[in-house]
Amino acid sequence: MDERRAPDWTCWAALSADAKALRLRTDEVRAVLAAGPGSPDVEPGVVASLTHLGLVARLVSPLLGAALLSGVLPVTPVEDVHIDLTGANPLPLALPATSAVAIGSAEELAAAFQLHWLTPAVRPFTRAVRAFWSVSPRVLEGNVTSAVAGALRMAGTARPELAARADAVLDALLGSGPLAGTGRRRDDGSFVRRSCCLFYRLPGAGICGDCVLDARARGDENGA
């Protein structure tokens, strides 16, 4: 991609190294949230968590969808991933020079996704958000799992023939690697994270369907 023709785009790697770059997005998210009912004074930690969740979801969703559909996982250096941090979701995302890793089983997809994306792209970004805004690592780790689980769930909803494979990939990710212990299955098979993204702290926001607080509200015996 020629950045001279896209001055507002940011390299994904810069999000982990430059608080100023990431603040572009947090400022926009804060403005949107503050325009809600009662014009709330949104806590910086809530803004940071929701910004983190949104950006991780934007990155992982097309990657997992492509892998489920085609049997190959797109791979590119983090420095070649670019995103436009301004405007409404979904934010424009560019992976201009990709290679492809052939995927067989759900376990192979989970392992490749951890190796090529969670470790080099998502983990440094998560550490940066924690350092810049002092957000709990438990919250941010849950955000990553929530983003991945949401992407897989949406893929299975859009293409029912992929639902079983998407579920198997999520189970493999929850079973080992960096996402192990950050979420689980409810008794009905749906996913629940073991933390909260802090969305509930917004006036009238309620709680997300995969939140640990929702599990407790349902009386799920494993929700505590």
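The values are calculated or read from the model by the stated rules, or taken from the named source; none is laboratory data. No experiment lies behind these values; they were computed from the predicted model shown. FYI the Cβ positions are ideal-geometry reconstructions off the backbone, even for glycines, and counts take in every protein chain you see. Just so you know, the surface numbers come from the protein's heavy atoms only, side chains and all, with ligands and any DNA or RNA stripped out. Shrake-Rupley method; radii C 1.70, N 1.55, O 1.52, S 1.80 Å.
Structure data summary
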read-out: Those residues of the stretch 61-81 which are in contact with a helix residue (DSSP H, G or I) (Cβ under 8 Å, 6 or more places away or on another chain), surrounded by 14 or more Cβ atoms within 10 Å (Cβ to Cβ) and among the charged types (D, E, K, R), in sequence order; value: none
read-out: Unique residue being in a loop (DSSP other than H, G, I, E, B) and within 25 Å of Leu198 (Cα to Cα) when the list is Val47, Val60, Val42, Val56; value: Val42
read-out: Residues that are closer than 28 Å to Phe113 by Cα and out of contact with any strand residue (DSSP E or B) (no Cβ under 6 Å at 6 or more places or on another chain), drawn from the stretch 21-44; value: Leu22, Arg23, Leu24, Arg25, Thr26, Val29
read-out: Residues (on the phi > 0 side of the Ramachandran plot and open to solvent by less than 20 Å² (accessible area, probe 1.4 Å)) located in the stretch 87-102; value: none
read-out: Filter result (surrounded by fewer than 17 Cβ atoms within 10 Å (Cβ to Cβ), out of contact with any helix residue (DSSP H, G or I) (no Cβ under 7 Å at 6 or more places or on another chain) and closer than 23 Å to Leu68 by Cβ) within the stretch 160-211; value: Pro160, Glu161, Ala164, Asp171, Gly175, Ser176, Arg185, Asp188, Gly189, Ser190, Gly209
read-out: Total residues in the stretch 26-49, condition hydrophobic (A, V, I, L, M, F, W, C) and within 11 Å of Trp133 (Cβ to Cβ); value: 3
read-out: Hey, Asp84 surrounded by 14 or more Cβ atoms within 10 Å (Cβ to Cβ), under 25 Å from Thr10 (Cβ atoms) and touching an Asp or Glu at 6+ places or on another chain (Cβ under 7 Å) or not; value: yes
read-out: Which listed residue is within 27 Å of Asp18 (Cβ to Cβ), out of contact with any strand residue (DSSP E or B) (no Cβ under 8 Å at 6 or more places or on another chain) and either among the polar types (S, T, N, Q) or part of a helix (DSSP H, G or I) (or both), from Ala88, Ala97, Ala121, Ala110; value: Ala121
read-out: Residue check for Arg153: closer than 17 Å to Gly183 by Cα and open to solvent by 50 Å² or more (accessible area, probe 1.4 Å); value: yes
read-out: Filtered residues of the stretch 26-60 (kept if open to solvent by 20 Å² or more (accessible area, probe 1.4 Å) and under 22 Å from Pro92 (Cα atoms)); value: Asp27, Glu28, Val29, Arg30, Ala31, Val32, Leu33, Leu50, Leu53, Gly54, Ala57, Arg58
read-out: Test: residue in the stretch 149-168 that is closer than 20 Å to Pro120 by Cα and under 18 Å from the mean Cα position of the chain (by Cα); value: yes
read-out: Neighbours by Cβ (under 9 Å, 6+ apart or cross-chain): first from the stretch 153-176, β-branched (Val, Ile, Thr); second open to solvent by 20 Å² or more (accessible area, probe 1.4 Å) and at pLDDT below 95; value: none
